[in-house]
1. What number of residues within the stretch 62-105 satisfy the criterion of being of a type in the set (Asp, Glu) and within 12 Å of Asp163 (Cα to Cα)?
2. Find the helices (runs of 4 or more DSSP H) located wholly in the stretch 63-145 whose residues include 1 or more that are under 14 Å from the mean Cα position of the chain (by Cα) and within 14 Å of the ligand (Cβ to nearest atom), and list them.
3. Of the conditions (1) within 30 Å of Phe149 (Cα to Cα); (2) at pLDDT 95 or above, Lys112 fails just one. Which one is it?
4. If you take the residues in the stretch 37-61 that are over 23 Å from Val162 (Cα atoms) and basic (Lys, Arg), which one is nearest to the ligand (Cβ to nearest atom)?
5. Restricting attention to the stretch 146-155, which residues are part of a loop (DSSP other than H, G, I, E, B) and surrounded by fewer than 19 Cβ atoms within 10 Å (Cβ to Cβ)?
6. Residues that are modelled with pLDDT under 95 and surrounded by 13 or more Cβ atoms within 10 Å (Cβ to Cβ): does the stretch 156-167 have at least one?
7. Any chance you could count how many residues in the stretch 26-51 are surrounded by 16 or more Cβ atoms within 10 Å (Cβ to Cβ), part of a loop (DSSP other than H, G, I, E, B) and modelled with pLDDT under 95?
8. Exactly one condition in (1) within 15 Å of Phe172 (Cα to Cα); (2) at pLDDT 55 or above; (3) part of a loop (DSSP other than H, G, I, E, B); (4) of a type in the set (Ser, Thr, Tyr) is not met by Thr10; state its number.
Amino acid sequence: MTVHSKKIATGISLSHQNPEFDITIIGAGVVGLAIAKYLSEETKYSVLVVEKNDAFGTETSSRNSEVIHSGIFNHIDSLKYKFCIEGNKLLYNFCKENKIWFNQCEKIIVSKKEEENKLQLFIKSLTEKNIDFELLDSKQTEKIEPNIFSDKSVLIKNSGVVDSHDFMNHLFRISSKNHTYIFDSKPKKNYKKS
Ligand SMILES: Cc1cc2nc3c(=O)[nH]c(=O)nc-3n(C[C@H](O)[C@H](O)[C@H](O)COP(=O)(O)OP(=O)(O)OC[C@H]3O[C@@H](n4cnc5c(N)ncnc54)[C@H](O)[C@@H]3O)c2cc1C
C-alpha cells in the first residue's frame, strides 16, 4: 500500500522508504486508535494506521455526545451489552489512570404517571442486567435536578461523560510510542493485497 509522506504521528520517523507492517488498520477514529493501542501494548506486531483526514478522530468519534454508556438499552444477550458493561469499567479506570477528564454524573430517566407499565418493565430489565440504579420520586428527582418534572424516575449510577478528544489523544500517544505509525492516506478505490 502506498503511504503518503504526510504523517500524522508526531516524533516518529521511518528509516525505510518502503516500510512493511504486520497489521494495517484503516481509520483513526476511536475504534482504530483503541485497537492500535491494544496491539502496540500487548503484541510485538508493527502497526500502520491509515487515516484519510489530516488528523485522527475528526469524524464521528469527535462529534458524539461523549456519554459513557451503562448498557441499559442493550439487549442482555447482545455483545453490545456485554462490551458496554465491560467497557464502562475499563473506561473509567483508564481515565483515572491517565488523568483524562470524566464525570460519573449519573443519568436520570424520567417517567410520567401513565407510563407506569413501561417503567416497571424497564426496572425489571435493569434488575435482570444487574445494573446499579435507584428509583426516585418526584421530590428526590427535583432535588438532584430542579429542571426536571416527573412522577417517578430512575437514576442510573454508572452513566457519565468523558472528554473524548483527550481520550483519543491518550490512545494515540500510547500507541505512537510503541511501533505504531499513523499516516494521512487519501483513500484509494482499489486497495490490493500484497
Ligand atoms: C450523533 C451521535 C452521537 C453519539 N453519541 C455517543 C455517545 O454519547 N457515547 C458513545 O459511546 N457513542 C456515541 N456515538 C457512537 C460513537 O461515536 C461511535 O460508535 C464511534 O465514534 C465510532 O468510532 P469509529 O472509530 O468506528 O468511527 P469514526 O470516528 O467514524 O472513525 C472512522 C475513521 O476512519 C476514517 N476512514 C474512513 N474510511 C477510510 C478510508 N477508506 N481510508 C482511510 N481512512 C478512512 C475516517 O476518516 C474516520 O477518521 C454517537 C454517534 C453519533 C452519530
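1. The qualifying residues number 1.
2. Here the list reads 79-98.
3. (2)
4. Out of the qualifying residues, it is Lys52.
5. Pro146, Asn147, Ile148, Phe149, Asp151
6. no
7. 3
8. (2)
The values are calculated or read from the model by the stated rules, or taken from the named source; none is laboratory data. Since this is a predicted model, take the numbers as computed values, not measurements. Note that each Cβ is placed from the backbone with ideal geometry, even for glycine, and that neighbours are counted across all protein chains shown.
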